[in-house]
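The values are calculated or read from the model by the stated rules, or taken from the named source; none is laboratory data. These numbers come from a predicted model, not from an experiment. So basically every Cβ, Gly included, is an ideal-geometry build from the backbone, and we count neighbours across all protein chains shown.
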Amino acid sequence: MTNLLLIFTLKKIPKLSWSSLDQLNFKPKVKTIVYLVFGLILFGLGESLLVTANIGGGPWLVLHQGVSFKTGYTIGITTLIVSVIVLFIWIPLKQKPGIGTILNVIIIAIVIDLSLPHLPYPETFILQLLQVIIGVLIVGLGSSFYLIANLGPGARDGLMTGTQNIIKLSFSLTRTLIEFSVLALGWYLGGVVGIGTVIYALCIGPLVSASFFFVGKYLK
């Protein structure tokens, strides 16, 4: 019960032996880079599993779709626009970028492109649901590895860490509030919402927090 309470009330990203001391570190330890890249690969793989499950993408995809429907721009362009806007929001949040911020974009995109042709596309709802759950678990685990590396978050995770640092709520609750806010805006703009979207929005915050706890405990 005590561990469960710690998981859902966690407010600090663990600092481990392989964590960088500064996000703006251009000469990190090899071990730090390894964990960063490993986390980003997991993140990309989890996102791909959500796509191929085909029962609803994450809340941010819903937002990108909604903006695309309203503006007429492609999903790729709206994704870029939203990412730039989020990065500008980093300024008042005093969130720092780093090499992890750059590698986030590159590695996740490569992993998604390489993995999509080789992943299962289940046709029964039960298997689709199972694949979404596995995908969200992997995204949560991947997030913990690359954020603990402390070499700079991606745009969305930087919004989470920056916001949490100001409002002082747990990571679990902060991430959940952000995901549902993004989901509501995307749905209002006309984005497509599925059961996979709702599962992601509900579960990603607690899973990222749980992953922080277990990675911090067993991979010091």
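Structure data summary
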item: Any chance V208 is over 25 Å from L87 (Cα atoms) and surrounded by 19 or more Cβ atoms within 10 Å (Cβ to Cβ); result: no
item: Candidate set from segment 112-151 (those that are touching an Asp or Glu at 6+ places or on another chain (Cβ under 8 Å) and within 16 Å of G57 (Cα to Cα)); member that is surrounded by the fewest Cβ atoms within 10 Å (Cβ to Cβ); result: I112
item: The listed residue being under 29 Å from L130 (Cα atoms) and aliphatic (A, V, I, L, M), out of L16, L61, L24; result: L61
item: Matching residues in segment 57-67 - criterion: being of a type in the set (A, V, I, L, M) and either part of a loop (DSSP other than H, G, I, E, B) or touching a helix residue (DSSP H, G or I) at 6+ places or on another chain (Cβ under 6 Å) (or both); result: V62, L63, V67
item: Of all residues making up segment 1-51, the number that are acidic (D, E) and buried (at least 20 other Cβ atoms within 10 Å of the Cβ); result: 1
item: Selection from segment 185-201 of residues that are under 14 Å from G56 (Cα atoms) and either among the hydroxyl-bearing types (S, T, Y) or surrounded by 15 or more Cβ atoms within 10 Å (Cβ to Cβ) (or both); result: G186, W187, G191, V193, G194, G196, T197, V198, I199, Y200, A201
item: Of the criteria (1) in contact (Cβ under 8 Å) with a residue 24 or more places away in the chain; (2) touching a helix residue (DSSP H, G or I) at 6+ places or on another chain (Cβ under 8 Å), which one K70 fails; result: (2)
item: Hits in segment 21-53 (condition: out of contact with any Gly (no Cβ under 8 Å at 6 or more places or on another chain), part of a loop (DSSP other than H, G, I, E, B) and either modelled with pLDDT of 95 or more or over 25 Å from K168 (Cβ atoms) (or both)); result: F26, K27, P28, K29
item: Failed item, numbered, when L169 is tested on (1) buried (at least 22 other Cβ atoms within 10 Å of the Cβ); (2) farther than 21 Å from T52 by Cβ; result: (1)
item: Residue tally, condition in a helix (DSSP H, G or I), of a type in the set (S, T, Y), modelled with pLDDT under 90 and over 16 Å from the mean Cα position of the chain (by Cα), over segment 69-94; result: 1
item: All positions within segment 1-20 that are without any contact (Cβ under 8 Å) to a residue 60 or more places away in the chain and either touching a strand residue (DSSP E or B) at 6+ places or on another chain (Cβ under 7 Å) or not in a helix (DSSP H, G or I) (or both); result: M1, K12
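To keep it simple, each residue is scored yes or no on (1) within 19 Å of the chain's Cα centre (by Cα); (2) farther than 14 Å from G44 by Cα; (3) free of Cβ contacts under 8 Å to residues at least 60 places away in the same chain; (4) part of a helix (DSSP H, G or I).
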{"position": "P97", "(1), (2), (3), (4)": "yes, yes, no, no"}
{"position": "P117", "(1), (2), (3), (4)": "no, no, yes, yes"}
{"position": "P122", "(1), (2), (3), (4)": "no, yes, no, no"}
{"position": "I126", "(1), (2), (3), (4)": "no, yes, yes, yes"}
{"position": "G135", "(1), (2), (3), (4)": "yes, no, no, yes"}
